[in-house]
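The values are calculated or read from the model by the stated rules, or taken from the named source; none is laboratory data. Treat the numbers as computed from the prediction; the structure is a model and nothing was measured. Here the Cβ is made from the backbone with ideal geometry for all residues, glycine too, and neighbour counts use every protein chain on show. To get the accessible areas, we keep the full protein, side chains included, count just its heavy atoms, and leave off ligands, DNA and RNA. Shrake-Rupley method; radii C 1.70, N 1.55, O 1.52, S 1.80 Å.
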Amino acid sequence: MTITALIADDEAPMRAQLRARLLEAWPELQIIGEAANGMEALALAAQHQPDIAFLDIRMPGMGGIDAARQLYDRCHIVFVTAYDQYALDAFEQGAIDYLLKPVTLARLQTTCERVRKRLDGSPQDIGAQLLELGTLLKQGGAAAKPNYLRWIQAQVGGSLRMVSTREILFFQAEDKYTCVQTATAQLLIRKTLKELADQLDPDEFWRIHRSTLVRVDAIAEVTRDLRGRQMLKLRGFAGALEVSRNHGHLFQQM
């Protein structure tokens, strides 16, 4: 028996990443289509009658929760979310499967195993949980962070590589490009540092120089060199980064 699924996410790279992970975790699963919003997901479901729907919660127009309210009696629902722990606590209160972005293979394998066990029966009646979940997420909306950039797309040869911001140590402007430094690689992207500064979480990345953005929790220590300059040493990076005088106030404790 062929098991089928649809993927709904407004970001094409996220759909591609989930599809690739599903191929590893569940090779027999057939993806019948991809949608960029809830309305497209409903149309695909009506046409193909999938067994499972992987739905991003936040999509333009109709989001994942609203789509799930019309789908849960026809297929098994798995939410994909970038929400913080507040929202995840809401998921844990009900029998709703979810995946946290960026989706890891280990977590996906666990979720797929749970869904496999449920396929022998009818989809669960999660209407009450969906209503409660929608209410909880709206209540947390005022305190929730904006939808900051969580992935960077970098061209590597002829392929597109997706890099989670959690992996990035710093960004540094270089001529027409921006250098993306991780613990294992150095990549170039065409986004400007200003664009990145506007799109990244300011609690996660600090601008320490007009040409440098650094991930805060990668900072190992702040030192001064013989010329009195503040220098940052980062975990996973052998060199050091200079802090400009304009941004020295970030480390006034030094």
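Can you list residues whose amide H is under 5 Å from Met62's amide H, if they're 5+ apart or on another chain and H is modeled 1.01 Å from N?
Close amide H contacts, sequence-distant or interchain: Gly38, Met39.
Just Ala185, Ala53, Ala41 to compare: in a GNM of the chain, with alpha carbon springs under 10 Å, which one fluctuates most?
Maximum among the listed residues: Ala185.
I need two numbers for the range 159-205: Rg to one decimal and Dmax as a whole number, Cα atoms only, in Å.
When restricted to the Cα atoms of the range 159-205, Rg and Dmax are 10.4, 31 Å.
Mind checking the per residue accessible area of the chain for me, 1.4 Å probe, whole number of Å²?
That works out to 54 Å² for each residue.
Using a cut-off of 13 Å between beta-carbons, work out the net charge of the residues near Leu234 (Lys and Arg +1, Asp and Glu -1, Leu234 not included).
Charge balance in the 13 Å sphere: -1.
Averaging over every viewing direction, what projected area does the convex hull of the Cα atoms of the chain cover, in nm²?
Details: hull surface 64.6 nm².
Its average projected convex-hull area is 16.1 nm².
In the chain, carbon and sulfur make up what percent of the accessible area (probe 1.4 Å)?
Summing carbon and sulfur atoms, their accessible area is 49 percent of the total for the chain.
Can you give the alpha-carbon Rg of the range 1-54 over 2.2 N^0.38 Å, where N counts its residues?
1.05
Spelling out what I want: for every residue of the range 189-206, take phi, set θ = phi - 60°, compute 6.51 cos²θ - 1.76 cosθ + 1.60 (Karplus), and round to whole Hz; glycine and proline get x.
Karplus values, whole Hz, x for Gly and Pro: 10, 8, 5, 7, 5, 5, 4, 5, 4, 6, 9, 8, 5, x, 7, 9, 10, 10.
Give me the distance between the Cα centres of the range 171-207 and the range 40-74, rounded to whole Å.
35
For the chain, what is the relative contact order in percent, using Cα pairs closer than 8 Å and at least 6 residues apart in sequence?
Relative contact order comes out at 11 percent.
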